[in-house]
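See structure below.
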Amino acid sequence: MTAPAFTIWGRLNSHNVKKVAWFAEELGLAYVRHDVGRQFGFSEDYLAKNPNRLIPTIEDGKVVLWESNAILRYMAAEYGGERWFARDPIDRALADRWMDWQFTYAAAQGVPFLSHARIPRQDWDHDAIARGIDECARHLAVMDKYLGEKPWLSGGQFGIGDIPMGVYAYTWFSLAFEKPEFPAVADWYARIRQRPGFASQVMIPLT
Ligand SMILES: N[C@@H](CCC(=O)N[C@@H](CS)C(=O)NCC(=O)O)C(=O)O
């Protein structure tokens, strides 16, 4: 009997699903992805796996897991070896923190993203958009300083610490609003864009 494929549930236009699909590509995993969430809804079967009514969820053999960053850590530990899951606790934590930092950043980018992608222009709250952009910029200045000193958020090489913010950076750079420039972030993002898994799983229309 063949082992069940690594399964990802979630629509690909979700930031949190993109992270997991992109990393599956980086690892060269054989996986299947099923559309769930928003216009696709949630089946009772799905809600039994993830009662949060959120995506993504993965199933891999005997593990069912939700929370995108926990999923990335699981994938790195299970399939990535030392290359993707540093043995040294300090190296790992220094990269790891950028994954959780992303959730703080994401709160700031919410209104600009939703306005750009889903809210009709006549309903835009321009003050809220401007506040969101300012808040993103405040966070990106921190990231820009770090990337001025290290090539990657994960340290010396691309790693899972880069994945969550890579996904959010695609949205930031796609937003058609006037925004400040961050040279080190722009340089890092140009390198991220060269990665085939990023191009196929993340660089899709923002909807
Ligand atoms: N902290 C959770 C957040 C999950 C989350 O908010 N997912 C959004 C999509 S990015 C969602 O499920 N939205 C409802 C829907 O798509 O119907 C994670 O990282 O997995």
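The values are calculated or read from the model by the stated rules, or taken from the named source; none is laboratory data. These numbers come from a predicted model, not from an experiment. Using ideal geometry, Cβ is built from the backbone for each residue, glycine included, and neighbour counts are taken over all protein chains shown.
Table for the structure above
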read-out	value
Residue within segment 8-19 that is touching a strand residue (DSSP E or B) at 6+ places or on another chain (Cβ under 6 Å) and either over 19 Å from Arg195 (Cβ atoms) or within 16 Å of the ligand (Cβ to nearest atom) (or both) present	yes
Conditions (1) closer than 25 Å to Leu140 by Cβ; (2) in contact (Cβ under 8 Å) with a residue 60 or more places away in the chain; (3) more than 12 Å from the ligand (Cβ to nearest atom): number failed by Phe113	(3)
Residue tally, condition closer than 14 Å to Gln109 by Cα and not in a loop (DSSP other than H, G, I, E, B), over segment 172-195	3
Subset tally (residues that are surrounded by 19 or more Cβ atoms within 10 Å (Cβ to Cβ) and within 12 Å of the ligand (Cβ to nearest atom)) for segment 59-68	1
Residues satisfying the stated conditions in segment 69-85, i.e. within 15 Å of the ligand (Cβ to nearest atom) and either aromatic (Phe, Trp, Tyr) or touching a Cys at 6+ places or on another chain (Cβ under 7 Å) (or both)	Tyr74
Some residue of segment 116-129 being in contact with a Leu (Cβ under 6 Å, 6 or more places away or on another chain) and on the phi < 0 side of the Ramachandran plot	yes
Only listed residue being in contact (Cβ under 8 Å) with a residue 12 or more places away in the chain, more than 17 Å from Asn69 (Cβ to Cβ), of a type in the set (D, E, K, R) and surrounded by 14 or more Cβ atoms within 10 Å (Cβ to Cβ), chosen from Lys145, Lys150, Lys179	Lys179
Selected residue (criterion: nearest to the ligand (Cβ to nearest atom)) from residues of segment 28-58 that are touching a residue at least 40 places away in the same chain (Cβ under 8 Å), closer than 25 Å to Asp162 by Cα and surrounded by 19 or more Cβ atoms within 10 Å (Cβ to Cβ)	Ile55
Residues satisfying the stated conditions in segment 1-36, i.e. at pLDDT 95 or above, more than 23 Å from Thr207 (Cβ to Cβ) and assigned to a loop (DSSP other than H, G, I, E, B)	Gly28, Leu29, Ala30
